[in-house]
1. Could you report the accessible area of D217 in Å², rounded to 10, computed with a 1.4 Å probe on the protein chains as they sit in the structure?
2. At 0.36 nm per residue, and after removing the present C-alpha to C-alpha distance, how many nm does the segment from T227 to K126 gain when stretched out fully?
3. Give me the dipole magnitude in Debye, nearest 20, for the stretch 51-191 about the Cα centre, with unit charges on the beta carbon: positive for Lys and Arg, negative for Asp and Glu.
4. Which percent of the accessible heavy-atom area of the chain goes to carbon and sulfur, probe 1.4 angstrom?
5. log₁₀ I(q)/I(0) of the chain at q = 0.12, 0.13, 0.14 Å⁻¹, via Debye over equal Cα point scatterers, no solvent, to two decimals?
6. With both partners inside the chain, how many of the DSSP beta bridges are antiparallel, as a percent to the nearest 5?
7. Please compute the contact order of the chain in relative form: average sequence separation of alpha-carbon pairs under 8 Å and at least six residues apart, divided by the residue count, as a percent.
8. Distances longer than 22 Å among the Cα atoms of the stretch 122-206: what percent of all pairs is that?
Amino acid sequence: MLTFGRKILRIVLLLIWFPVMLLKAVLLHIGKTRDERVTLGAKLAGEWARGILRILKIRVIRHGEFPEEKGVLLVSNHQSYVDILVHASLTGVRFAPKKEIRKWFLLGPYIEMSHPVWIDRKSPAKSLETLKEFEHTLAIGVPLIVYPEGTTTDGQHGLLPFKSTPFEAALKDRRPLLPLITVYHVPGGEMNPAWYGDQTLLPHVWQLLGLKEIRVDVYSCGLFHPTGETRKELAEKVRKLMQNAYREHTGIEVLP
């Protein structure tokens, strides 16, 4: 009964928080240029995410250095839709979600509010257009978050091979990258916040709403500066760095 009440209370609070942020976004976007809207969208995404995390009692703990540097490409392992909230809460970011998320209940429209770069994985022809948008995002000083594994995992078996395309965005002007390792902890051994495989979204969200609390440790690997690598070389260097950090911070042995 307590868990059910917790779920209902959180749903009510979310239904209040979402319109409040939507109204704020609409008012602040008036008269802004496109670049100003992208910058504002990233900032509002951080505020929106921090509010949701408070409602869901998800505590994010930073480890290591998180430099206040503009135009950084953040790179993280990927386990859940919750990652979006966790990483936005760190600094305010522009997202690069798959276009299917655009149709998700509540989450899709509100991610739209942050002016994301929607990714169409079924259309290779749009890859160049996406890359140019990535480069422009970093050039105007907006942090961009990418999940180069390309899908979510259970977070217990290391990192999948990285897709190298997102790393091209950092090469043009040798923009810095900030690799992150994100680790979830749920007291009492309750459900795993990771959403992966063939799990259905709404039942997973319903379970998540009932969790008393979640702790998320985000480990910074420090700024990584490209030094002339190809995008595939850069992707592999960053993955190796993150694999080592993953092993160090989780104690889980992983394959290369």
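The values are calculated or read from the model by the stated rules, or taken from the named source; none is laboratory data. Model, not experiment: these values are computed from the prediction. Cβ coordinates were reconstructed from backbone atoms using ideal geometry, including for glycine residues, and neighbour counts include every protein chain displayed. SASA here: full protein model, heavy atoms, side chains in, ligands and nucleic acids out. Shrake-Rupley method; radii C 1.70, N 1.55, O 1.52, S 1.80 Å.
1. Estimated to the nearest 10 Å², D217 gives 10 Å².
2. Length gained, T227 through K126: 33.6 nm.
3. In total the dipole reaches around 240 debye.
4. 58
5. For the requested q values the scattering log ratios are -0.71, -0.84, -0.98.
6. Expressed as a percentage, antiparallel bridges in the chain total about 30.
7. 26
8. That fraction is 44 percent.
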